[in-house]
Amino acid sequence: MKARHFLTLKDISQETIDYLLKLATRIKKNKFLCKDLLQGKSIGMLFDKHSTRTRLSFEAGINQLGGNSIYLDSKNMQLSRGETIEDTARVLSRYLEGLIIRTFSHQTVKDFASNSSIPVINGLTDSYHPCQVLSDLFTLFELGLLKKGLKFTYIGDSNNVTSSLIIGLSKLGLDITVGCPAEYEPKEEAVKIFDKQSRSSGSRLNILNDPYQAVKEADVIYTDVWVSMGDKDSRKKFEALQMYQINKKLLSYASGSVKVMHCLPAHRGQEITSEVMDGANSVVWQQAENRLHAQKALLVYIYSR
Ligand code: CP
Ligand code: NVA
């Protein structure tokens, strides 16, 4: 049987997302659900970039499902001395029952997956962050917001999280507005996937350069850092993004009950003020917690067949 990979949200159907959201709800209520599912299984975690949430939520989740996680630092592997990703995939497939990988190029994850006989989960690349968005969909579902008519606005730098949000929301037939400077609009590849998916789902993508117009009457405003891991820090970029900060003034243009989301880590005072992040509209801690429950649901989906 072909291994079930999770490289982008394109890999799973709308029905599977619905199933995962319901399963995550049950898992959140009962930490011990499927507690022996991964017994005797070792899952590697190959990380080329920093992580707090992804690493810890997967490690805790694997542990709660009875499995064993092995953290692999690529700097100490032969990968850093020139062994290819394809050869590494062939070898790791013989020791492990799965691999979670966080790296720079999305192609690396694809190359690993196409040479591996074990399931591969994308824990973030420069292009996509599907585990984050899967759990964000779960947060929206819990809040009762995951339904037609939702006004969802992403504000700031169009990055890996933006691309996964575009794919995830459009798969479910939901609209998304992106408010960003003209130089930092969503990546072409994600827009192409959106175009294809929206033909059947009917979802709309609205890209606006005016942040006030973008958040007008929004039910959800989502932001992320202005400089992602692996991105170049530039003064020009910071200057272009200044007016896209989520602050009290910007929030006043949204719906009164607007929820503010951020995948974290946040740079308080840059893309979001502390006042908003710690304020009544913020759901960022619920989002962070949900990484654990949604990823456990994903593991149950991958390993129970
Ligand atoms: N949101 C997220 O993926 O956080 P980490 O970088 O801490 O894993
Ligand atoms: N866009 C951010 C997300 C971090 C979780 C980054 O790639 O650094």
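Descriptive notes on the structure:
- Summarising the amide proton neighbourhood of GLY179: residues at separation of 5 or more, or on other chains, whose placed amide H is nearer than 5 Å comprise TYR154, ILE155, GLY156, LEU208.
- For the range 40-51, backbone phi angles converted through the Karplus equation (6.51, -1.76, 1.60; θ = phi - 60°) give residue-by-residue couplings of x, 9, 10, 10, x, 10, 9, 10, 9, 10, 5, 6 Hz, Gly and Pro being listed as x.
- Accessible area of the range 68-216 belonging to carbon and sulfur atoms, whole % at 1.4 Å probe: 48 percent
- Overall form of the range 181-247: oblate. Here a/c, set by the Cα gyration tensor axes a ≥ b ≥ c, is 1.5 or more, and a/b is not larger than b/c.
- Solvent exposure of the chain amounts to 44 Å² per residue of accessible area, where only protein heavy atoms count and the probe is 1.4 Å.
- Heavy atoms of ARG55: accessible area, 1.4 Å probe, square angstrom to 10: 70 Å²
- Formal net charge of residues neighbouring GLU86 (Cβ-Cβ distance under 13 Å; K, R +1; D, E -1): -1
- Judged by the mean number of other Cβ atoms found within 10 Å, the most tightly packed of the peptides 116-123, 275-282 leads the ranking 116-123, 275-282.
- Solvent exposure, largest accessible area first (probe 1.4 Å, DNA, RNA and ligands not counted), of ILE85, ILE166: ILE85, ILE166
- Short-range pairs are left out: with C-alpha atoms under 8 Å and at least six residues apart, the relative contact order of the chain is 20 percent.
- Taking every full run of DSSP H in the chain, the ones that stretch at least 27 Å from end to end by Cα along their long axis and average -0.5 or higher on the Kyte-Doolittle scale are 284-303.
- Under the criterion of Cα pairs below 8 Å and six or more residues apart, the relative contact order for the range 56-184 equals 17 percent.
- Taking HIS5, HIS129, HIS50 and ordering them by how much accessible surface each has at a 1.4 Å probe, largest first, produces HIS50, HIS5, HIS129.
- With every protein chain in place and a 1.4 angstrom probe, the accessible-area ranking of TRP285, TRP226, largest first, reads TRP285, TRP226.
- The range 186-287, relative contact order in percent, only Cα pairs under 8 angstrom and at least six apart counted: 29 percent
The values are calculated or read from the model by the stated rules, or taken from the named source; none is laboratory data. Being a predicted model, the structure only gives us computed values, none of them experimental. Note that each Cβ is placed from the backbone with ideal geometry, even for glycine, and that neighbours are counted across all protein chains shown. These area figures cover heavy atoms from the full protein model, side chains too; ligands, DNA and RNA do not enter into them. Shrake-Rupley method; radii C 1.70, N 1.55, O 1.52, S 1.80 Å.
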